[in-house]
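**Student:** Submitted below is the structure of interest, expressed as structure tokens.
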Amino acid sequence: MSQEQGALSRELGALSPELGAVSPEPEGGDWAGSIALASASLRVAVVCTSNLNRNMEAHRLLSKKGFLVRSFGTGTFVKLPGPTADQSSIYDFNTTYDEIHKDLVQKDEEFYANSGILCMLERNMGIKPRPERFQNCRDVFDLILTCEEKVYGQVVEELNSTEQVTLHLVHVINVNIQDSFEEASLGAFLFSELCQCIQLLDDVDNEIEEVLLEFEEMSGQTFLHTACFC
């Protein structure tokens, strides 16, 4: 557990007595002191552009915590950086992580191994078969977490332009997370702690703003929030 994560956990303990019981996550193992939550009742989506890095690390951690979670991208294509700026690899959302992995190995195995991209794809393969596009999903969620403001706007626009069938209220929350492996890990930890706090609320619709203000003060991050019907 990093120093940033340790400081974050201590701050959360001060905000919530229940979360004060959460123990740091030992490397390579389960959280020995995790609080028992009925987390399966909170339906969560995590969304970034290509459904590759930031939200997949959050997907992994939230799933480990017991939340019902799905992950999506909002881009037109899945895009990965290459050895030079003009050598990006672009794939359709129907392309599996395994197929992307094999293609990158053929293109430049050394570069994609050293950059961590092959390991990222191997992690993703253990979570689900392929990237998914948010605009093609009609599932109902209680909470949608986005990793950058542009994606947040695309998610809100999609929800507001789609015919409302269930009239279920969904909370959309954005925290800007840089698209690097280290920042993805820190962002996933923040999302996990936020979901656990929200899970403990008696009245999510009326109390969520107060929780977000506390998280802003604690983390120094700006949280965008809107509620939409779906």
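**Student:** Determine whether the range 184-197 contains at least one residue that is at pLDDT 95 or above and either in contact with a Cys (Cβ under 6 Å, 6 or more places away or on another chain) or open to solvent by 50 Å² or more (accessible area, probe 1.4 Å) (or both).
**Tutor:** no
**Student:** Within the range 95-114, is even one residue crowded, with 18+ Cβ neighbours inside 10 Å and touching a His at 6+ places or on another chain (Cβ under 9 Å)?
**Tutor:** There is at least one residue in the range 95-114 that is crowded, with 18+ Cβ neighbours inside 10 Å and touching a His at 6+ places or on another chain (Cβ under 9 Å).
**Student:** Can you tell me how many residues in the range 135-157 are under 14 Å from F229 (Cα atoms), open to solvent by 30 Å² or more (accessible area, probe 1.4 Å), assigned to a helix (DSSP H, G or I) and in contact (Cβ under 8 Å) with a residue 40 or more places away in the chain?
**Tutor:** 0
**Student:** Among E217, E132, which is the only one that is within 28 Å of S115 (Cβ to Cβ) and open to solvent by 50 Å² or more (accessible area, probe 1.4 Å)? Step through it out loud before you land on a result.
**Tutor:** Numbers: E217 fails: within 28 Å of S115 (Cβ to Cβ).
None of the other options fit; the residue is E132.
**Student:** Only one of T162, T146 is among the β-branched types (V, I, T), at pLDDT below 95 and closer than 18 Å to G73 by Cβ. Can you tell me which?
**Tutor:** Details: T146 fails: at pLDDT below 95.
On inspection, the qualifying residue turns out to be T162.
**Student:** Hey, can you tell me all the residues within the range 168-196 that are farther than 18 Å from I144 by Cβ and touching a strand residue (DSSP E or B) at 6+ places or on another chain (Cβ under 9 Å)? Steps first, please.
**Tutor:** To start, the set of residues in the range 168-196 that are farther than 18 Å from I144 by Cβ comprises 178-183, 185-186, 189.
Residue satisfying the conditions is D179 alone.
**Student:** Moving to a separate point now. For the range 35-86, give me each residue that is open to solvent by 20 Å² or more (accessible area, probe 1.4 Å), in a helix (DSSP H, G or I), in contact with a helix residue (DSSP H, G or I) (Cβ under 8 Å, 6 or more places away or on another chain) and modelled with pLDDT under 95.
**Tutor:** Selection gives S41 alone.
**Student:** Please name all residue pairs, on different chains or six or more residues apart, with Cβ atoms under 8 Å, provided the first residue is in the range 193-214 and is under 14 Å from L169 (Cβ atoms) and outside any helix (DSSP H, G or I) and the second residue is open to solvent by 20 Å² or more (accessible area, probe 1.4 Å) and not polar (S, T, N, Q).
**Tutor:** L201/E207
**Student:** Further, regarding this structure: Scanning for something without any contact (Cβ under 8 Å) to a residue 12 or more places away in the chain, farther than 27 Å from K64 by Cβ and not in a helix (DSSP H, G or I), does the range 164-178 turn up at least one residue?
**Tutor:** Restricting attention to the range 164-178, the residues satisfying the condition of being without any contact (Cβ under 8 Å) to a residue 12 or more places away in the chain are 178.
In the following step, the residues that additionally are farther than 27 Å from K64 by Cβ were identified as none.
No: zero hits.
**Student:** Moving on to the next point. Under 8 Å between Cβ atoms, at least 6 apart or on separate chains: pull out the pairs that start in the range 106-134 with a residue that is farther than 15 Å from V69 by Cα and modelled with pLDDT of 95 or more and end on any residue that is assigned to a helix (DSSP H, G or I) and of a type in the set (V, I, T).
**Tutor:** Y112/V105; L118/V105; L121/I100
The values are calculated or read from the model by the stated rules, or taken from the named source; none is laboratory data. Quick caveat, the model's predicted, so the values are computed rather than measured. All Cβ positions, glycine included, derive from the backbone under ideal geometry; neighbour counts span all protein chains shown. What goes into the accessible areas is simple: the full protein's heavy atoms, side chains included, and nothing from ligands, DNA or RNA. Shrake-Rupley method; radii C 1.70, N 1.55, O 1.52, S 1.80 Å.
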